[in-house]
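The values are calculated or read from the model by the stated rules, or taken from the named source; none is laboratory data. All of these numbers come straight from a predicted model, not from anything done at the bench. Every residue, glycine among them, receives a Cβ derived from its backbone with ideal geometry; neighbour counts consider all protein chains shown.
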């Protein structure tokens, strides 16, 4: 019986820790907004790293330039734009790795390589990209983290809400 009671205590503490992390993230977001626009995109790529992603970036859709995190090459950017515009491909090159596409739509792309996966979520003007190793995150948890960040971005900056899916 002591084992079960300690497990409940650990779970309770984890819930408190998650709430504290969410409060810190919300405070960081609120301090990062000026005139209803996000000032610094680095907090989002940093959050992905802190949550278990091995690499992360926020990339401008129009220019392909990284607002924070790793930079992507011109050909990588073009491949991503094709996927987001509805063209189908079986794989994409990202950070010198070939990822096989598992799921793609106008606003979300996921894929995997031998030992890692990547997720991409589109806002109106940016792409949130994260790569992670298989043992560090589950795909469900990675989706949840990316979706939480997307929600934070679109709640903070209404200009990032996807209203027209055509690139």
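Points worth noting:
- Filtered residue count, segment 121-158, keeping only those that are more than 12 Å from residue 53 (Cβ to Cβ) and touching a strand residue (DSSP E or B) at 6+ places or on another chain (Cβ under 6 Å): 6
- From the options 106, 76, residue that is in contact with a helix residue (DSSP H, G or I) (Cβ under 9 Å, 6 or more places away or on another chain), surrounded by fewer than 21 Cβ atoms within 10 Å (Cβ to Cβ), at pLDDT below 95 and more than 19 Å from residue 52 (Cα to Cα): 106
- Residue check: residue 63 meets all listed conditions (1) outside any loop (DSSP other than H, G, I, E, B); (2) without any contact (Cβ under 8 Å) to a residue 60 or more places away in the chain but one, namely (1).
- Residue satisfying all of: in segment 156-167; in contact with a helix residue (DSSP H, G or I) (Cβ under 9 Å, 6 or more places away or on another chain), surrounded by fewer than 15 Cβ atoms within 10 Å (Cβ to Cβ) and in contact (Cβ under 8 Å) with a residue 40 or more places away in the chain; nearest to residue 41 (Cα to Cα) among these: 162
- Scanning segment 123-145 for residues that are touching a residue at least 40 places away in the same chain (Cβ under 8 Å) and under 9 Å from the mean Cα position of the chain (by Cα) gives 127, 128, 129, 130, 131, 142, 145.
- In this entry, residue 145 passes the filter for residues that are assigned to a helix (DSSP H, G or I) and surrounded by 17 or more Cβ atoms within 10 Å (Cβ to Cβ).
- Out of 120, 137, 95, sole residue that is crowded, with 17+ Cβ neighbours inside 10 Å and more than 25 Å from residue 63 (Cα to Cα): 137
- Every residue from segment 37-60 that is part of a helix (DSSP H, G or I) and either closer than 13 Å to residue 126 by Cα or in contact (Cβ under 8 Å) with a residue 60 or more places away in the chain (or both): 42, 44, 45, 47, 48
- Any pair with Cβ under 8 angstrom, 6 or more apart, that starts in segment 78-104 at a residue that is in a loop (DSSP other than H, G, I, E, B) and ends at one that is loosely packed, with under 12 Cβ neighbours inside 10 Å: 85/166
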